[in-house]
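See below for the structure under consideration.
The values are calculated or read from the model by the stated rules, or taken from the named source; none is laboratory data. Here the structure is a predicted model, which is why all the values come from computation and not from measurement. In this analysis, Cβ positions are derived from the backbone assuming ideal geometry, glycine residues included, and neighbour counts consider all displayed protein chains. Ligands, DNA and RNA are stripped out before the accessible areas are found, and what is left, the full protein with its side chains, is counted by its heavy atoms. Shrake-Rupley method; radii C 1.70, N 1.55, O 1.52, S 1.80 Å.
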Amino acid sequence: MTAVMAGTPRVVAVVQARMGSSRLPGKMLAELDGAPLVDHVLHRLMMLRRTGELDVVVLATSNEAADDPLAAHVAERWPDVTLVRGQEQRVLLRFVDAIQRTAADVVVRVTGDCPLINLNGIRQMLLARQQHDADIVNYRPGFEYVDKGVEVVAAAALQALASDSTLTAHDAEHVTSAFYRSPQRYRIEYIDSDPDLRRGDLRLTVDTPADLAFFRALADKCPNGLMNTPLTEVIAILAGCPELPAINADSGRKSALHEPVRIGFRCDGGASLGMGHVVGCLRLARLLADELGWGAEFLVYEEPGVRELIQSEGFTVEQLPSGQSVAQEFQRLIEKASESDWSAVVMNFDRQGLEYRQSAFADIRKAGWPLVFMDNPLPPGCYESDLLVNALPHPDYPGYDPRQHPSCLDGLEYFLRPSEVPGDEKLETKHGSGPRILVAMGGGNLNGLTQRVLEAFAESGVGGFADIVVGLAAPAGTVQQLQQSLERLNLCGEVSVNVSDLPRRMRMADIGLSGLGLTTYEMAALELPTLIVANSPFNAEVAAGYCRQYAGARLVGFWPSVTVAEIASAVRDAMSLKSSADFDERDGKSADRVVGIGKDEIVQAFRDLMTNKGVKQ
């Protein structure tokens, strides 16, 4: 035992590892850049021991015969590493054994399948535990982190947890998950990671053959070898090799279980559907992360731009193979909920998607997960939900009555605004004089509506600047086609797929044209007068109901029934109204007072849902 100065805590790193893996059996001894996976983990930790920042390194595995090769390798190759073995499913008891055998005061818990351990992250966590006398330290919930798989825990807290009479088998296997569900009993300290490491588009863990292939390809790009390449350098290498993260992008997420609650989102987006359902779920996920510290994970079908959008918000996503039946889709959904320890499932689909899945919603609740619906309250499935949040006006669905649902938030006040909205000052436009018209007909530019609207803008003769947004889901070549249309029609404007600054551009615009969707309701929230050209009779019905609630919107019609000349006339009328003296009385300020004011009620409704279902927060 290493002698330590009086008052100096004895810090022990405990690596939990085993050979058993449903998707990659024997992974801890799998070859990676000339050495077994476990060697990469132990090599980095031993660097901290050599600097005196760790007193002991422990490898904790099971006493099953399958783990004998792992134990034998560590005993032979790493004589300075203490080996602890115990029951396979009661991992927490292995940690208690390690504490007793090493006289640990502080434990650095390390998962053995994350080879790129961030040593600076460990240092920051150790410092935070000392400064705040915390029972456990981890990264702040609500984001995905590339350097997951590490946390710092007070040894006394782990021992107390092991003797807790309320401990479940799940808690005993996952070691620290019970801490996060009981913040009133344990001192939990969260720290902020390096922003460059706070992202959901990189998977730096080994749990599947694709993960192993990714790391082997990465090793070929490391001049000094993977084992000797710091995590920050790895991130830089991957930035220059975008083909590498694609290797294991569909391997899913290995849950770190360090949030008190993790919500699963099932939604879709794409060229025909647009991105509104995905964006709505992302805003709800961010709200729950910021207000409650909850985590989120997404399950979607593969469509252009969807995965990139979700990952850009710091969340992870798994893509479903195309062509699956409803039964196959929901089987994977339930498996995923179990794998990642989801506390509830949120569904957000259009009407067609809901009708297609009506028979399967009850399966979620039967499997034990609370079910939440966002928008499109289509009976009878909507009554299978434990919570319904319907922010968007729709035609009355036969049989839908929000008063008949035991937990329903219904109305525009529950629309979640964009997270960043500029002040009320009018921003300078880049085109000089003339009106600025924002054209956002839907993320996929369904039916080529944007082209028709540009023709109408040219025919209107109002001049000015056309700010055109088509989104990531637009088919290939759409931007170039629309740019050519601007030139052909002799219009001043630009075409963009960037939707991140839409609130700012709405503030710059004089009027907006929309195909009906999430962007339409954002326009109301920001008081932008809006002309709606719907892409279907059903959406025209929806728009008519919306316009009755928001005086700043006008339904022009639906394509192809509405003509270019009718759209042009509506643009002229809107600009005439914009310049009239009585415009301020009709510019949607009433909608601005209503839209989005109910977010606190949404947060409380989710709190109540977890409480009623017995989920600790």
Requested in this report: Taking the residues in the stretch 470-496 that are assigned to a helix (DSSP H, G or I) and of a type in the set (V, I, T) as candidates, determine which candidate is surrounded by the fewest Cβ atoms within 10 Å (Cβ to Cβ).
Outcome: V479
Query raised in the report: Across the stretch 139-182, which residue is nearest to L116 (Cα to Cα) among those that are of a type in the set (S, T, N, Q) and open to solvent by 10 Å² or more (accessible area, probe 1.4 Å)?
Result: Q159
Requested in this report: Within the stretch 91-110, count every residue that is of a type in the set (D, E, K, R) and buried (at least 21 other Cβ atoms within 10 Å of the Cβ).
Outcome: 2
**Report entry** Identity of the residue in the stretch 465-475, hydrophobic (A, V, I, L, M, F, W, C) and free of Cβ contacts under 8 Å to residues at least 60 places away in the same chain, that ends up farthest from H277 (Cα to Cα)
**Finding:** F465
Requested in this report: Give R216, R185 a once-over and let me know the one that is open to solvent by 20 Å² or more (accessible area, probe 1.4 Å) and either touching a strand residue (DSSP E or B) at 6+ places or on another chain (Cβ under 7 Å) or hydrophobic (A, V, I, L, M, F, W, C) (or both).
Outcome: R216
Report summary line: Matching residues in the stretch 583-611 (within 25 Å of A456 (Cβ to Cβ) and either open to solvent by 40 Å² or more (accessible area, probe 1.4 Å) or modelled with pLDDT of 60 or more (or both)) number 1
Query - Check on A525, open to solvent by less than 10 Å² (accessible area, probe 1.4 Å), closer than 15 Å to T450 by Cα and not acidic (D, E) - result: no
Query raised in the report: Give me the pairs: first residue in the stretch 284-306 and closer than 15 Å to V603 by Cβ, second residue assigned to a loop (DSSP other than H, G, I, E, B) and among the aromatic types (F, W, Y), beta-carbon distance under 7 Å, and six or more apart or on different chains, which are they?
Result: A285/F315; L288/W294; A296/F315
Report task. Taking only the stretch 497-522 into account, find how many residues are open to solvent by 20 Å² or more (accessible area, probe 1.4 Å) and over 20 Å from A568 (Cα atoms). Result -> 10
Query - Subset of the stretch 100-121 (residues that are assigned to a helix (DSSP H, G or I) and within 15 Å of L83 (Cβ to Cβ)) - result: Q100, R101, T102
Requested in this report: Only residues in the stretch 214-232 that are among the small types (G, A, S) count as the first member; pair them with residues that are part of a helix (DSSP H, G or I) and open to solvent by 60 Å² or more (accessible area, probe 1.4 Å), Cβ under 7 angstrom, at least 6 apart or cross-chain, and list the lot.
Outcome: A217/I247
Requested in this report: From V146, V56, V74, grab the single residue that is at pLDDT 95 or above and closer than 28 Å to T208 by Cα.
Outcome: V74
Query raised in the report: Under the condition of being of a type in the set (G, A, S) and out of contact with any Asp or Glu (no Cβ under 9 Å at 6 or more places or on another chain), which residue from the stretch 392-432 is modelled with the lowest pLDDT?
Result: G423
Report task. Can you run down the residue pairs with Cβ atoms below 6 Å, 6 or more apart or on separate chains, where the first is in the stretch 543-559 and in contact (Cβ under 8 Å) with a residue 60 or more places away in the chain and open to solvent by less than 50 Å² (accessible area, probe 1.4 Å) and the partner is among the aromatic types (F, W, Y) and assigned to a loop (DSSP other than H, G, I, E, B)? Result -> none
Report summary line: The lone condition T520 fails out of (1) more than 19 Å from R417 (Cα to Cα); (2) of a type in the set (S, T, N, Q); (3) in a helix (DSSP H, G or I) is (1)
**Report entry** Identity of the residue in the stretch 176-211, in contact with a Ser or Thr (Cβ under 7 Å, 6 or more places away or on another chain) and small (G, A, S), that ends up farthest from L24 (Cα to Cα)
**Finding:** G200
Query raised in the report: Mind checking which pairs have a first residue in the stretch 355-380 that is closer than 18 Å to L333 by Cβ and a second that is of a type in the set (D, E) and open to solvent by less than 10 Å² (accessible area, probe 1.4 Å), Cβ under 9 Å, 6 or more apart or different chains?
Result: R357/E329; A360/E329
Requested in this report: Specify the residue that is farthest from T519 (Cα to Cα); the eligible residues are those in the stretch 392-417 that are of a type in the set (A, V, I, L, M) and either outside any helix (DSSP H, G or I) or open to solvent by 30 Å² or more (accessible area, probe 1.4 Å) (or both).
Outcome: L409
